[in-house]
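What follows is a set of notes on a single structure, which appears directly below.
The values are calculated or read from the model by the stated rules, or taken from the named source; none is laboratory data. All values reported here derive from a predicted model rather than from experimental measurement. Using ideal geometry, Cβ is built from the backbone for each residue, glycine included, and neighbour counts are taken over all protein chains shown. Quick note on the areas: whole protein, heavy atoms, side chains included, nothing else; ligands and nucleic acids left out. Shrake-Rupley method; radii C 1.70, N 1.55, O 1.52, S 1.80 Å.
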Amino acid sequence: MLVAPSPTLVRPPSAAGGVPVQPTLDELGTPLRDVTFVVVDLETTGGTPGVNGITEIGAVKVRGGEVLGEFQTLVNPGIPVPAFISTLTGITTGMVRSAPRIEEVLPSFLEFATGAVLVAHNAPFDMGFLKAAARACGYPWPGNQVLDTVRLARRVVLRDEAPNHKLGTLAALFGASVTPDHRALSDARATVDVLHALLSRLAPLGITHLEDLATATDPVPADVRRKRHLASDLPDAPGVYLFRGPGEEVLYVGTSTSIRTRVRSYFTAAEKRGRMTEMVRIAHAVTPVVCATALEARVRELRLIAEHSLATTAGHGSPSGCRGSGCPAAPRRGCRSCATSSPGARTSARSARGPRRCSRSRRSTRRSGPGRPGPGRPRSSTRRPPTASPPP
């Protein structure tokens, strides 16, 4: 086996047959087809960063399904390679004795990965070793966005498809062109195929842009995540947004300093209100109303709530309350403010039931009665005055 004396950039012979991993969508954000990924894999002398050392680095740079370059080198860890590691990886102490040290290798790798999203299978392991090496060598960590294919696999690969989410299992499931063999470059190449397969499964769930990757592993229901396209053409400006139902009825009115950012949050794990999730499930469109200032947006919001006979936030105690006759919570939770379609009708219904008294008043009335003090009435003593004794 030929061991490179220094880090080498290996250009693949051909990238023919590569296909974009995402469909073509022209919306705001960075489409995944335009994102540069650097898929990296490490071999080490053990599992503890800072204590054990790196013995090999392998990385593949890809964009739009095309391999742009590869990086591979053995690394002298400065300590003997344990026998069980040699059995697992095939890397021996003799193989790495003449290899460059990590302080010589790391600058070249960081340059190779500049501006890219770092991808690894079980990323905390690989990133932990790379960050520990950067600290030891005195290099600042560049802060690349990191993507873990294990977490992505847990999101879209079910137990009836694969018994676990190991790299070898997923490579076999997706028919990877390279079989993982515990060598850094081979495992990185296999991870590239696994990454493309996972992204193709995530695309129908609305994960089509770089910004979507931050929430790709969030536990969001699939039918809710698929509604992310409703926010794709909204403006990044202050204003009011209206969620509309199948019949163009207004389900919800809200305001934000960035309409697009706020609406996108409804389709992520950041939205934890159950009734809002129900509303999103039946929404078919979102109408933006751009405003010059946040104050104007707030005024317009109140006017639109009144115009569409929606319940105000104060009426329900929280923004997650019901919002009109189309609110999905009305029939199940019995919301009185949503049970009728107009403020006048709600007032009439409330009047028919008679005046409402607070529970404290009712409790006071129940205590009042013959011989019982009412509210504001002084409590009389129940003790009898002593009687005079008759004269002898």
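Annotations for the structure displayed:
- Peptides ranked, highest mean first, by Cβ atoms within 10 Å: ranges 84-91, 72-79: 72-79, 84-91
- Taking all protein chains together and a 1.4 Å probe, the residues 295, 185 rank 295, 185 from largest to smallest accessible area.
- Between residue 285 and residue 48, the contour length at 0.36 nm per residue exceeds the alpha carbon distance by 80.3 nm.
- Ordered by 1.4 Å accessible area with all protein chains kept, 236, 193 run largest first as 236, 193.
- The stretch 182-261, relative contact order in percent, only Cα pairs under 8 angstrom and at least six apart counted: 21 percent
- Under the convention that each Lys and Arg Cβ holds +1 and each Asp and Glu Cβ holds -1, the size of the dipole of the stretch 53-212 around its Cα centre is about 260 debye.
- With the whole protein complex present, residue 182 retains an accessible surface near 90 Å², based on a 1.4 Å probe.
- Only protein heavy atoms count here; on that basis, with a 1.4 Å probe, residue 284 has an accessible area of about 110 Å².
- 298, 189, reordered so the largest accessible area comes first (probe 1.4 Å): 298, 189
- Anisotropy class of the stretch 87-127 from Cα gyration tensor, a/c 1.5 cut: oblate
- Listed peptides 266-278, 108-120 appear in the order 108-120, 266-278 once ranked by packing, highest mean of other Cβ atoms within 10 Å at the front.
- Rolling a 1.4 angstrom probe over the protein heavy atoms with all chains in place gives the stretch 110-202 an accessible area of 45 Å² per residue.
- Rolling a 1.4 Å probe over the heavy atoms of the protein chains gives the stretch 60-104 an accessible area of 46 Å² per residue.
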